[in-house]
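Visitor: Here you go, one structure.
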Amino acid sequence: MSTTALFDAVRAVKGSPLTQADVDRINSALSPVPANDTGGRIDPGKFAAWAPGAVPHTLHALQAAANAHGFSGVVLAHWLGQMYVESAGFAVMSESLNYSVEGLLRTFGRHRISAADCERYGRKPGQPANQEALANILYGGAWGAANLGNTEPGDGWRFRGSGFKQITGRANTIASGFSPDELRTDPAKSAKAAAEFFVRAGCVTPAQKDDVEAVTRKVNGGTNGLADRITRTAQAKALLL
């Protein structure tokens, strides 16, 4: 099917004109991997050394998802590097909100959580972090509804980061096609959701350009952990056969 025909088909199903965001997502999904890219297979021995703490069956899940989405070469390396950082080396499938008082203010700022709530719920000597309360504050309220689709009481905790991508929020979780529990416990579903997010968020085109900062902005909305993402993406390139 030609690109024009695909646009027409999507427009017909949608029942309304395509937005620029629709066009960008389709183009990203259709963009071919450059012909001089390296391969699409992940070296098992190198992966084991790179991510020694990965949960069982991670490599098989990642390879299957990469194959299903046509990831290879530089695109595959960017996907692996970003997901490595998101999941702390494919070892963390459920978001930790074990923030100190100072860490909360430094990471989220007072527009997301008040100084009083940082003191009330953050970790400090003699007081563990109240992670459920923190999730509901940080990912709830007007900000959570507008940015994450969290509209029900408790959605912040219920839909905290899950899986290799740390998919967060009611809307993003529904879009993944899986429940939070599935994303947190099933590497195959987690990898599939992470790959689909990478495409849906428009990460393929900047990945083809080897632009780690641009990919990072699409993955997490900012440049959080950029230095680590640059390092892990470079390392991931050496894993490919």
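Visitor: Which of the residues belonging to the stretch 98-124 are outside any helix (DSSP H, G or I), under 15 Å from N224 (Cβ atoms) and touching a helix residue (DSSP H, G or I) at 6+ places or on another chain (Cβ under 9 Å)?
Guide: Within the stretch 98-124, the first condition is being outside any helix (DSSP H, G or I), and the residues that meet it are 98-100, 109-114, 122-124.
So of that shortlist, the ones also under 15 Å from N224 (Cβ atoms) come out as 99, 109, 112.
Matches in the stretch 98-124: Y99, R112.
Visitor: May I ask you to list the residues in the stretch 92-110 that are β-branched (V, I, T) and within 28 Å of S190 (Cα to Cα)?
Guide: Filtering the stretch 92-110 for residues β-branched (V, I, T) gives 92, 101, 107.
Once the filter is applied, which keeps residues that are β-branched (V, I, T) and within 28 Å of S190 (Cα to Cα), the stretch 92-110 yields V92, T107.
Visitor: Just to be sure before I move on: is S94 within 23 Å of N224 (Cα to Cα), out of contact with any Ser or Thr (no Cβ under 9 Å at 6 or more places or on another chain), surrounded by fewer than 18 Cβ atoms within 10 Å (Cβ to Cβ) and of a type in the set (S, T, N, Q) in the structure I sent?
Guide: On the way: within 23 Å of N224 (Cα to Cα): yes; out of contact with any Ser or Thr (no Cβ under 9 Å at 6 or more places or on another chain): no; surrounded by fewer than 18 Cβ atoms within 10 Å (Cβ to Cβ): yes; of a type in the set (S, T, N, Q): yes.
No, not satisfied.
Visitor: Identify all residues within the stretch 206-230 that are touching a residue at least 60 places away in the same chain (Cβ under 8 Å) and over 16 Å from the mean Cα position of the chain (by Cα); write none if there are none.
Guide: Answer for the stretch 206-230, where residues must be touching a residue at least 60 places away in the same chain (Cβ under 8 Å) and over 16 Å from the mean Cα position of the chain (by Cα): Q208, D210.
Visitor: From A129, A135, which residue is surrounded by 16 or more Cβ atoms within 10 Å (Cβ to Cβ) and either part of a loop (DSSP other than H, G, I, E, B) or in contact with a Pro (Cβ under 6 Å, 6 or more places away or on another chain) (or both)?
Guide: Working: A135 fails: either part of a loop (DSSP other than H, G, I, E, B) or in contact with a Pro (Cβ under 6 Å, 6 or more places away or on another chain) (or both).
Residue meeting the stated conditions: A129.
Visitor: Of all residues in the stretch 155-172, which are crowded, with 24+ Cβ neighbours inside 10 Å and free of Cβ contacts under 8 Å to residues at least 24 places away in the same chain?
Guide: Passing the criteria: G156, F159.
Visitor: Mind checking which residues of the stretch 98-113 are surrounded by 13 or more Cβ atoms within 10 Å (Cβ to Cβ) and over 24 Å from the mean Cα position of the chain (by Cα)?
Guide: Scanning the stretch 98-113 gives a single hit, V101.
Visitor: As an exercise: evaluate N150 against (1) within 16 Å of the chain's Cα centre (by Cα); (2) within 22 Å of G222 (Cα to Cα); (3) of a type outside the set (S, T, Y) and give the number of the one condition it does not meet.
Guide: (1)
Visitor: Of everything in the stretch 82-111, what is closer than 20 Å to L148 by Cα and modelled with pLDDT under 95? Give them in sequence order.
Guide: Matches in the stretch 82-111: T107, F108, G109, R110, H111.
Visitor: For the stretch 48-85, what are the residues that are farther than 16 Å from K192 by Cα and β-branched (V, I, T)?
Guide: Within the stretch 48-85, V74, V85 qualify.
The values are calculated or read from the model by the stated rules, or taken from the named source; none is laboratory data. Worth saying up front: this structure is predicted, and the values here are computed from it rather than measured. All Cβ positions, even for glycine, are placed from backbone atoms using ideal geometry, and neighbour counts span all protein chains on display.
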